Each structure stands twice: as structure tokens, then as C-alpha cells.
Amino acid sequence: MDNQIERLIPVSKWNTYHEWPSPGGLRHLIFHAKTNGFEKCICRIGRRVLIWENLFFQIVKELNQKSQ
């Protein structure tokens, strides 16, 4: 069994857990999620937008590797 905690973090609480990205930067990524690859880590429940923490950083890592 995987020891990593899979956590869904509300956008409004993201900076309680992580310094980056800023709330505005995170909202920008969400707004453009269909074109920037972040659609996989976003979970919408009604009006609430939640971020799959592990998937978010996995996508960041993948995009960083592609740009090098």
C-alpha cells in the first residue's frame, strides 16, 4: 500500500500547506487548466474547487522535465 497521503486541498486553503503558487497564480492555472495540463489535478464539487496535492506536484515535475 502507498504510504503517501492523497489530499484534496481547497484553493482557498492551498497557501496554508504550500507557499507556491500564490492564490492568484493557482487561480490562473485553474482558469487555463484545459490548455496547460493541470486539468488532471483539479476536482470541482459544486462551486468548490479542490486540488489533488500529489497530482499537482507530479504535473509540475513533468512540465519542468519537458521544458529542459
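Every residue, every condition in (1) β-branched (Val, Ile, Thr); (2) surrounded by 11 or more Cβ atoms within 10 Å (Cβ to Cβ), yes or no:
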| position | (1), (2) |
| --- | --- |
| 11 | yes, yes |
| 30 | yes, yes |
| 44 | no, no |
| 51 | yes, yes |
| 55 | no, yes |
| 58 | no, yes |
| 67 | no, no |
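Within the chain, considering only helices (runs of 4 or more DSSP H) that don't extend past its boundaries, which have at least 2 residues that are more than 9 Å from the chain's Cα centre (by Cα), of a type in the set (Lys, Arg) and at negative phi? Walk me through it before giving the result.
Numbers: elements: 14-17, 23-31, 33-36, 53-67.
In the chain, 53-67 are the helices (runs of 4 or more DSSP H) which contain 2 or more residues that are more than 9 Å from the chain's Cα centre (by Cα), of a type in the set (Lys, Arg) and at negative phi.
Filter the range 19-28 down to residues that are in contact (Cβ under 8 Å) with a residue 12 or more places away in the chain, open to solvent by less than 100 Å² (accessible area, probe 1.4 Å) and not hydrophobic (A, V, I, L, M, F, W, C), then give me how many there are. Steps first, please.
In the first step, residues of the range 19-28 are kept if they are in contact (Cβ under 8 Å) with a residue 12 or more places away in the chain; the result is 23, 26-27.
Adding the requirement that they be open to solvent by less than 100 Å² (accessible area, probe 1.4 Å) leaves 23, 26.
Still in the list and also not hydrophobic (A, V, I, L, M, F, W, C): 23.
Summing the residues that are in contact (Cβ under 8 Å) with a residue 12 or more places away in the chain, open to solvent by less than 100 Å² (accessible area, probe 1.4 Å) and not hydrophobic (A, V, I, L, M, F, W, C) in the range 19-28 gives 1.
The values are calculated or read from the model by the stated rules, or taken from the named source; none is laboratory data. The model shown is predicted, which means the values in this text are computed figures rather than measured ones. Note that each Cβ is placed from the backbone with ideal geometry, even for glycine, and that neighbours are counted across all protein chains shown. Please note that ligands, DNA and RNA were not included when accessible areas were found on the heavy atoms of the full protein model with its side chains. Shrake-Rupley method; radii C 1.70, N 1.55, O 1.52, S 1.80 Å.
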